[in-house]
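*Asks:* My structure is below; once you've seen it, I'll send some questions.
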Amino acid sequence: SGQPNVLLIIVDDLRPALGCYGDTLAFTPHVDALASHGTVFTRAYAQQALCGPSRTSFLTSRRPDTTRLYDVHSYWRRHAGNFTTLPQYFKEHGYHTAAAGKVFHPGIVSNQSDDQPYSWSETPYHPPTQAHKQDPVCLGADGSLHTNIYCPVKVSDQPGGSLPDIETTRHSTAWLEEWAERDERATNGPSQPFFFAVGYHKPHIPLKFPREFLELFPIDTVPLAPNRWLPKGLPSVAWNPWNDLRSREDIAALNVSFPYGPMPDFYARYIRQGYYAAMSYTDSLIGDLLATVDRLFPDTIVAFIGDHGWSLGEHQEWSKFSNFEVATRVPFIIRNWRRAEANVSLSTPHAQTTPHTPPRRRTKRSSARPGVEYSGLVELVDLFPTLVDLAGLPALEQCPSDSHKVQVCTEGVSLSRIVNTNQQEIEREAEIKKHGKDRESFGASNVESNAILSQNTNFDHTMKNRLMPP
Amino acid sequence: KERNRNIKTKTAAFSQYPRPGPIPSKNPDSDQPHTSDTTIMGYSVRTDRFRFTAWLRFDNITYRPDWDHIVAEELYDHKIDPSEDRNLVGKGSYARKRKALF
C-alpha cells in the first residue's frame, strides 16, 4: 500500500523500569533491543496516574479536563464530546485497525465495547483467562491459595492453563501471521496497512507471573527504595493511601496502618521483586511479538508506552494515584519504519520458544543503551499526532481552548521531527556497522547531522559525541 | 497546523489528580475518588528543573478549578532533589519561582 503499518504496545502500570532507561535492576532485553533502534523519550509524562483517564487521554490526545474523565465511571463520547480516537483516525484513513488485550480501559469508560464500532475494524480480542484475575491462586506461606499482591505461579496450574498476556501474545502473533498470509494471497499487491494495538496487563497488580522469573531477581539482591519515608512538608492532600494494595490478603495480613503505613521492609522487598519479575515476564512476551513483526512486517512503526508510572515504596507510597514523578513518568519509545527502506538488519535475537521461560540473565548487570535519547519534556497526549505524522496521514489541528464540539484535534504536539532526525542517525550508524566503513568517512558524512543535533541540547551527549567527526 | 509541526520541544509537561478531600484518613477513597465526590484537583506542571503542584478547590459540575482557592502546594527542585523528597514551597528563596510556575 506504500503506507507503514503501526504497532502500538501499551503496558499497564509500567514506570521506566527498563534497562534502556538506565534501571540497573531491570532485565528487559527485548524492549532494550527495540530502544536500540529507536528514539527513547526519557522525560515522558502521563496526564493522570490512573488507567482509565490516562488511556482515554492519550487515545484522544486530550487532557482529562477536556475528556472530563477523572475516574472510571463514564464514556467520553457521551460525557464530554464525540472525540475521534487514535485508532479511529487511522481507520478513517484507510487502515485496518485491530486490538488485543487492554488498550482502552474496559467497562463504562469505553462503552462496554472497546469503543466499537468507532475505533476498530474487527472485534478487539480479550484473553479468556483475564476472567480469573481476582481468583485466589497465589500460594501463601500457609500452603493455601490466596488473593495476594505477590503472586508467582506455575502457569500450567492456573485456571485455563495460561495467563492473560501469554494468550494475548499468542493471539497477536497468530493475527500477524494471518495478515501476512492474506497479503501473500492478494493478487493486487499488499492489502490495507494495519494499525495493531496490543495492551499488556502486567505489571499491574496482582503481580502474577510465571514463577521462573523470580530466578532473575534473587530476593537478597532486590534493594529497597532509597527514599522510602514520608517526605517532610508533603501536604496531606497529596498523599495516596494505596488502597488497591491494602485490599489484598497478603497486605491485609500485615496490619499496615491507614493511611500512611509504612510497609514492612521485608515485604516491600517482595513487592519490588514481583514488580521487576512481572516486567521481565512481559518483556519476554513483547520479544515474541516484536520478532514476529520484524520477520513479517519490517515496514512497521513501533510505539511503546506505559499508561502511567507506579510507586515502588518511594515516599512510603505504593501504586499510582498521585502526581509524584514515579507515578506520572512513563516509558515512551518510538521506532520509525524508515529503517526498512535503509535495509538495516534489526538483529532481533528475541524469538522465544516458550513465552514464559525467562532468558538467562547477563553475568554483569549493566543498563542497555538506547538508540538515541531525547531528554526534552514530552507527554502522552503527543502520541496521537506523532503517529499520524510518521504514517503520513493528514496532520492534526491544535485544539482550541474549548474543543468539546471539535471531533478531531490534538492537545499535544507531534514529535515526528525528533523521531525522524534520530532515525536517520540510527540508520546511518547501522549502515556503517553493516558495511564496515571507518569512522572517519562516517563522521564526514554527518557534519550536517551534527549541526542539527548541536542545536538541540536535549539530545544525549553520548550519542552526540559518537556522531562527532574524529 | 504549521505551528504544531514546528514545535521541537516543550517547556512544560502537565498532569493532574483528583481528591475527595484534603485529609486521606477522613476520605478513605482518596486514591480513586468518584468524580461526583471530587472537591480538589492537583494540577502539576513540570519544567526542566521543577515540579510545581497546586491543589485547588474543584467544581465537579463545571469541571473547573477555583484558582483563588488553594488547598495546598508542592514545589520540588529536581536539580538538588530529583527524587522529590523536600517540598520547598514555603522557602522564601523559591517564592519567585513558585509564583512564576503558578
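*Asks:* Among the residues of the range A:198-217, is any more than 24 Å from the chain's Cα centre (by Cα) and surrounded by fewer than 15 Cβ atoms within 10 Å (Cβ to Cβ)?
*Replies:* no
*Asks:* Tell me which residues, restricted to the range A:394-426, are more than 11 Å from chain B (Cβ to nearest Cβ) and over 23 Å from the mean Cα position of the chain (by Cα).
*Replies:* Residues satisfying the conditions are A:Pro400, A:Ser401, A:Asp402, A:Ser403, A:Lys405, A:Val406, A:Gln407, A:Val408, A:Gln424, A:Glu425.
*Asks:* Quick one: A:Tyr275 ticks every box in (1) crowded, with 24+ Cβ neighbours inside 10 Å; (2) within 14 Å of chain B (Cβ to nearest Cβ) except a single one, so which number is it?
*Replies:* Condition not satisfied by A:Tyr275: (2).
*Asks:* Select from the range A:30-60 the residues that are within 12 Å of chain B (Cβ to nearest Cβ) and part of a loop (DSSP other than H, G, I, E, B) and list them in ascending order.
*Replies:* Listed by number, the residues that qualify are A:Ala46, A:Gln47, A:Gln48, A:Ala49, A:Leu50.
*Asks:* Restricting attention to the range A:231-255, which residues are without any contact (Cβ under 8 Å) to a residue 12 or more places away in the chain, more than 26 Å from the chain's Cα centre (by Cα) and not in a loop (DSSP other than H, G, I, E, B)?
*Replies:* A:Lys232, A:Ser236, A:Val237, A:Ala252
*Asks:* Which one is nearest to the other protein chains (Cβ to nearest Cβ) among residues in the range A:61-88 that are in contact with a strand residue (DSSP E or B) (Cβ under 9 Å, 6 or more places away or on another chain) and closer than 20 Å to A:Leu387 by Cβ?
*Replies:* If we take residues in the range A:61-88 being in contact with a strand residue (DSSP E or B) (Cβ under 9 Å, 6 or more places away or on another chain) and closer than 20 Å to A:Leu387 by Cβ, then A:Arg63 is nearest to the other protein chains (Cβ to nearest Cβ).
*Asks:* Considering B:Ser93, B:Ser15, which residue is facing another protein chain (nearest Cβ under 8 Å), at pLDDT 95 or above and either in a strand (DSSP E or B) or surrounded by fewer than 15 Cβ atoms within 10 Å (Cβ to Cβ) (or both)?
*Replies:* Working: B:Ser93 fails: facing another protein chain (nearest Cβ under 8 Å).
Residue meeting the stated conditions: B:Ser15.
*Asks:* Would you confirm, using the coordinates I've provided, whether B:Asp31 is in a loop (DSSP other than H, G, I, E, B) and within 7 Å of chain A (Cβ to nearest Cβ)?
*Replies:* Yes.
*Asks:* Exactly one condition in (1) within 14 Å of chain B (Cβ to nearest Cβ); (2) outside any helix (DSSP H, G or I); (3) in contact with a helix residue (DSSP H, G or I) (Cβ under 6 Å, 6 or more places away or on another chain) is false for A:Phe258; which is it?
*Replies:* Answer for A:Phe258: the failing condition is (3).
*Asks:* I've got another one for you. Return only the number of the condition from (1) closer than 19 Å to A:Ile286 by Cα; (2) touching a residue at least 12 places away in the same chain (Cβ under 8 Å) that A:Glu178 does not satisfy.
*Replies:* It fails just one condition, (2).
*Asks:* Then there's this: Considering only the range B:67-76, I want to know if a residue exists there that is outside any strand (DSSP E or B) and either over 21 Å from A:Glu314 (Cα atoms) or within 7 Å of another protein chain (Cβ to nearest Cβ) (or both).
*Replies:* Here is the first cut: in the range B:67-76, the residues outside any strand (DSSP E or B) are none.
No; the residues of the range B:67-76 include none that is outside any strand (DSSP E or B) and either over 21 Å from A:Glu314 (Cα atoms) or within 7 Å of another protein chain (Cβ to nearest Cβ) (or both).
The values are calculated or read from the model by the stated rules, or taken from the named source; none is laboratory data. Just so you know, these numbers come straight off a predicted model, no measurement behind them. Note that each Cβ is placed from the backbone with ideal geometry, even for glycine, and that neighbours are counted across all protein chains shown.
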